[in-house]
1. Kindly list the number of the only condition in (1) outside any loop (DSSP other than H, G, I, E, B); (2) over 60 Å from the mean Cα position of the chain (by Cα); (3) modelled with pLDDT under 95 that fails for Ser598.
2. Would you mind stating whether Glu551 is assigned by TED's automatic domain parsing to the domain that holds Arg674, more than 16 Å from the ligand (Cβ to nearest atom) and under 16 Å from Gly667 (Cβ atoms)?
3. What number goes with the only condition from (1) aliphatic (A, V, I, L, M); (2) more than 15 Å from Leu685 (Cβ to Cβ); (3) surrounded by fewer than 23 Cβ atoms within 10 Å (Cβ to Cβ); (4) touching a Phe, Trp or Tyr at 6+ places or on another chain (Cβ under 7 Å) that Ala604 does not pass?
4. Under 8 Å by Cβ, and 6 or more places apart or on different chains, what pairs join a residue from segment 575-588 that is modelled with pLDDT under 95 with one that is among the basic types (Lys, Arg)?
5. Are any residues in segment 554-580 surrounded by fewer than 18 Cβ atoms within 10 Å (Cβ to Cβ), more than 16 Å from the ligand (Cβ to nearest atom) and outside any strand (DSSP E or B), and if so, which ones?
6. Does segment 379-432 hold any residues that are assigned to a loop (DSSP other than H, G, I, E, B) and within 20 Å of Gly271 (Cβ to Cβ), and which are they?
7. Condition first: touching a residue at least 60 places away in the same chain (Cβ under 8 Å) and either near the ligand (Cβ under 8 Å from one of its atoms) or open to solvent by less than 20 Å² (accessible area, probe 1.4 Å) (or both). Now tell me which residues in segment 650-668 satisfy that.
Amino acid sequence: MSRGEPSSASRRYVISVFLIQGLAGLLLMSALTWLRKDQTAEILRTLGGNAPVLIAIFVIFATTLALLKFEMTDLVYVAFVIVAYMAMFPLLGAVLASWLAVAVSIGTRLLSLHQIGPAKTARQDPVTDYVKAFGLFGTYGVPVVVGATVYEYLGGTFPVLQATPLNAARLIAGGAALIAANALFMFWPQRAYGYSLSKIRNLSLMDCAISLVALPYAVVTSLSYGTIGWGGVIALAFTGSVANYIARNLALTRSKSHDLLQRLASLTNIGKTISLRFTTDELLMAIYTECKAVIDCSLFSIALLEETTGELSFELDVREGAMLPKERLRLGEGLNSWVIEHHQPLLIGSTAEEQRFGVKSVADTKPTESWLGVPMIARDRVVGVIAVESYKKNAFTADDLILLTAIANQAAVAIENAHLYRDLEGLTYALEQRVMERTNELRETNLRLLAADRSKNQFLANMSHELRTPLNSIIGFSSVLIEATRGLLQPRLHRFLENIHTAGNHLLELINDILDLSKIEAGKMELRADLFDLRETIAAVERVMRGFASEAKVQIVASIDANVPDVRLDEGRLKQILFNLLSNAVKFSPQGGVVAISCGFVAAGASPLGFDTVRIDVTDQGIGIPADELQRIFDEFYQTEDGRRARKGGTGLGLSLTRNFVELHHGRIDVQSRPGVGSTFTLYLPVDYIEASADDTIEVPALQDAGSPTARV
Ligand code: ADP
């Protein structure tokens, strides 16, 4: 029912300690037997026909107590047998008592090793087991000899036949010496087991205390022979056994209720403990630790079911404290598979019972007797099995089954959660990888786009420059020709010349616009800061525009407030802005329409820019702009539906350039318009562009809605 090879690093040490002690005891007892053969013969002669009966009583009494010890906790068992050995030596002498004590000890130990009767011991390996039995010559034989010697040294006789206070005192001293010698002789074996010094001290104190309490009983037993004959010894031996049996039951009941309480506490604790573990290995270890605290077992395993492969994977396999490597079993083999297939716990008390069940365990190097396995069920699905095993027969009870089932159910949920958590981690990792890959791709694309954009701007700049040179010749020469041939050419041919001149100018404007835009995009557009009189600039622009307006039968009206100060702006770019706005206003106005340009001063406190500002409005009574297109007219190449239908030409670059120039000045442009009624473009420009540039952090507050659709750019 288990796997793995038992091996212990301290095995050789344990063997040598027991071997030395056993040999010492055997040699001492053999020497004593030889030296005290006369004394032994004398004792047997004095006891006469009582001797065999007395020896039989002592053997039965000691054996009963020695067998009882195997059902007791480690702490109390030693004391029981020692009571019997203490009662023996005053009547039988050092030689007979020590041989009987060793015979009883070795005999019961061999019974326990072969799991006979109530005596059952966890077996390790045969050599160590038998050497340990041999070691009993030291741990029991020598103390009995020591006790008898101290008693004799104090003037005690063998066999003691008189119940006097002095004899009682001698017996007490001899018994105490036996107890002390036993404690001393147990020291090295306990060290070899790996017990700490403090644990040995506590164990020895406990043993000695229990033995000392039983000492008067041993004394009375010995002395009773002298007073009432061996019938008294039988009676006392019987009373002693019964008393011990009752004591044992009391101790067992107490330790059981203590166990139950501890199990209850563990159970309430276990859910919390295991739910805090997020990796499966940590979780399995936590489940193992919790189970170990409440169920006494030699082997422990957790097998998880892998549905895809139909295999049982032993994720945790602990044998006598040693971790075994992970193993896999095909479903259908062994007891674990039975539990999975039947969705039921399985409790087997012995290998014989296992055969009765008709379930076969997996072949093993060192088979165990008891096996308890419970299914781990989460959401009505069996996810695995928790199994415990023991070398003792009937090691597990129905209580253990209930407890392990409760633990397994909590463990199943926790394992499911751990798996979900692991999957989630995997997904998160995959997602992070994807995001990283995409980010890298985007970064590369971005770099490529930037490079392409730089090439485009460079190309535009080069091309515009190359086009402008021949174009200037065309415009210049056509202008000269127009003047020189006035009245000489047929009017039709003269108009052709004028068309060449106009088209050339138009082309030049377009090229200049494109060049400006590409400069702005490349971040290479720089403004000049000229200090100039804004009224004059507006008047100059108005004068130029007047000719164009009168051709379109549109009137331009300018009004400039008296408090408009001189401004420090790029005058050339401002003129470009005003030409754009005015030419659009004229272009989209009906014949007879009025285009108004007005200019005023706005002090810093009232200005949306946060500093002293000039405000210029260009208002027309033209076709207007639908609300949903107000934002878009500032995009490059964008023209409204109505604008295109009006067939007024244009490129869709003017407003885009205008917006860029305004923003370069740290200003702002808004538009309000109503289709069929007209439009107003409002410019806010700082009085001093240099000052505005120095304070880039100024926030631009939103303007109040004037009642008609507005776009702020
Ligand atoms: P365009 O060279 O086409 O005039 P703009 O960038 O100056 O280019 O203007 C973009 C578009 O905005 C125009 O085509 C027109 O549809 C619309 N628009 C501009 N100004 C006005 C206006 N005052 N009235 C009506 N529509 C206008």
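The values are calculated or read from the model by the stated rules, or taken from the named source; none is laboratory data. Fair warning: this is a prediction, and the values are worked out from it, not measured in the lab. Positions of Cβ are generated from backbone atoms using ideal geometry, with glycine treated the same way; all protein chains shown enter the neighbour counts. Heavy atoms of the whole protein, side chains included, go into the accessibility calculation; ligands, DNA and RNA do not. Shrake-Rupley method; radii C 1.70, N 1.55, O 1.52, S 1.80 Å.
1. (3)
2. It is false that Glu551 is assigned by TED's automatic domain parsing to the domain that holds Arg674, more than 16 Å from the ligand (Cβ to nearest atom) and under 16 Å from Gly667 (Cβ atoms).
3. Going through the list (1) aliphatic (A, V, I, L, M); (2) more than 15 Å from Leu685 (Cβ to Cβ); (3) surrounded by fewer than 23 Cβ atoms within 10 Å (Cβ to Cβ); (4) touching a Phe, Trp or Tyr at 6+ places or on another chain (Cβ under 7 Å), Ala604 breaks only (2).
4. From segment 575-588, the pairs are Lys587/Lys648; Phe588/Lys648.
5. Hits for segment 554-580 are Asp561, Ala562, Asn563, Pro565, Asp566, Gly572.
6. Of everything in segment 379-432, those that are assigned to a loop (DSSP other than H, G, I, E, B) and within 20 Å of Gly271 (Cβ to Cβ) turn out to be Arg379, Asp380.
7. If the condition is that a residue be touching a residue at least 60 places away in the same chain (Cβ under 8 Å) and either near the ligand (Cβ under 8 Å from one of its atoms) or open to solvent by less than 20 Å² (accessible area, probe 1.4 Å) (or both), then Gly650, Thr651, Leu653, Gly654, Leu655, Ser656, Leu657, Thr658, Phe661, Val662, His665, Arg668 are the ones that fit.
Results for (1) open to solvent by less than 60 Å² (accessible area, probe 1.4 Å); (2) assigned by TED's automatic domain parsing to the domain that holds Ile116; (3) among the basic types (Lys, Arg), shown as yes or no for each residue.
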site: Glu389; (1), (2), (3): yes, no, no
site: Ala398; (1), (2), (3): no, no, no
site: Ile415; (1), (2), (3): yes, no, no
site: Ala430; (1), (2), (3): yes, no, no
site: Met463; (1), (2), (3): no, no, no
site: Arg468; (1), (2), (3): no, no, yes
site: Arg495; (1), (2), (3): no, no, yes
